[in-house]
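Before any comments, here is the structure.
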Amino acid sequence: MTTDTPTDESQTPADEQLDELIDQRIQEATADLREQIADLEREVEDLRNELATEREARREAEARLATVEETVEGEHDARLSALEAKANGTRSMIAELQSRELEKSAHLQYENVEPNIMDELLDVDGERVERITKDDGNHYARLPGEEDALNRGGAVAHSTADLLPLQRLARYDDEMLASVTNRKPDELAAKAWRERDDPGRYQLWTSGSSGWRVYLKSSDLADWIRANEEGVSKNYAQELARRTLDAMAELSKHRLITTQKKRRSDGLSYKENVVVLTEDADLPGEPSLGESDAPATDEVAG
């Protein structure tokens, strides 16, 4: 028995042509897409190759830069070491010449005697150099008490030997000050004395009147101590302030006077300890009020 394959008798020749046209268009679009994909794949591959080339060039550039930096740094260090060695040698020669001249009683311009040379390199009797002021107003370095054989600059108007103990201590740096003082109040007194040239409302010292040049209140000193000394309690700061005021009077050979001043706070009135620099106080090298032509106070050196 034979079975015939069913056919769509309803499909016309026009429909068949349309199907063929659709198939053709699909094949053409597919071919176009495949060609576009191939083009994109080639572009991606080209970009990958360019990126790899750029990375390799960057690595080479970084390697060259590292080599240059290493070379430059090595040359810089070598030149710097050579300059430092030459400078140190020059400083040593200058220090030796200055040491010998000082031992011959020379008075050297103080600005030409570097502090670090004085501290580290000068080799003089007693290991100490004195700073003085002469009649010409200039500062000089000399061995303590040595007179200038050439008499340059005039007579000595002022030397560190004339200073009060408080003035000498105030001119040490903090490290040296701590090493030369045996009592904490003495150290604090010297540090507080440095602040006296800047009185004002928010400063340690207060401008005075009626014969008082400036004065320092115990309460302000206690607050200042707490702000500048680590680990100091409020009660201990108050005790240190009291002892520091006494030390300032003692170290100034009582050019500074301790007294009491009335103070009002929270509606209450009471007396507070103060240390006072009067207008007519005789401080070596520092003019009393209205005597601005006196020679300036010199520093301790060496």
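Read-outs: derived from the displayed coordinates by stated rules, not from any lab. Treat the numbers as computed from the prediction; the structure is a model and nothing was measured. Cβ placement follows ideal geometry from the backbone for every residue including glycine, while neighbour counts extend to all protein chains displayed.
A few notes on this one:
- Local electrostatic count at S105 - Lys and Arg +1, Asp and Glu -1, tallied over other residues with Cβ under 13 Å: -3
- Taking Cβ atoms as reference points and 14 Å as the exclusive limit, the residues near E28 contribute a net charge of -2, counting Lys and Arg as +1 and Asp and Glu as -1.
- Cross-link reach list, lysines versus K86, counting only Cα pairs under 30 Å and skipping chain neighbours closer than eight places: K104
- Cα centroid of region 65-101 to Cα centroid of region 226-284, whole Å: 50
- Charge sum, other residues only, whose C-beta stays under 12 Å from S210's C-beta, Lys/Arg counted +1 and Asp/Glu -1: +1
- Placing +1 on the Cβ of every Lys and Arg and -1 on the Cβ of every Asp and Glu, with no other charges, gives region 20-159 a dipole of roughly 1020 debye about its Cα centre.
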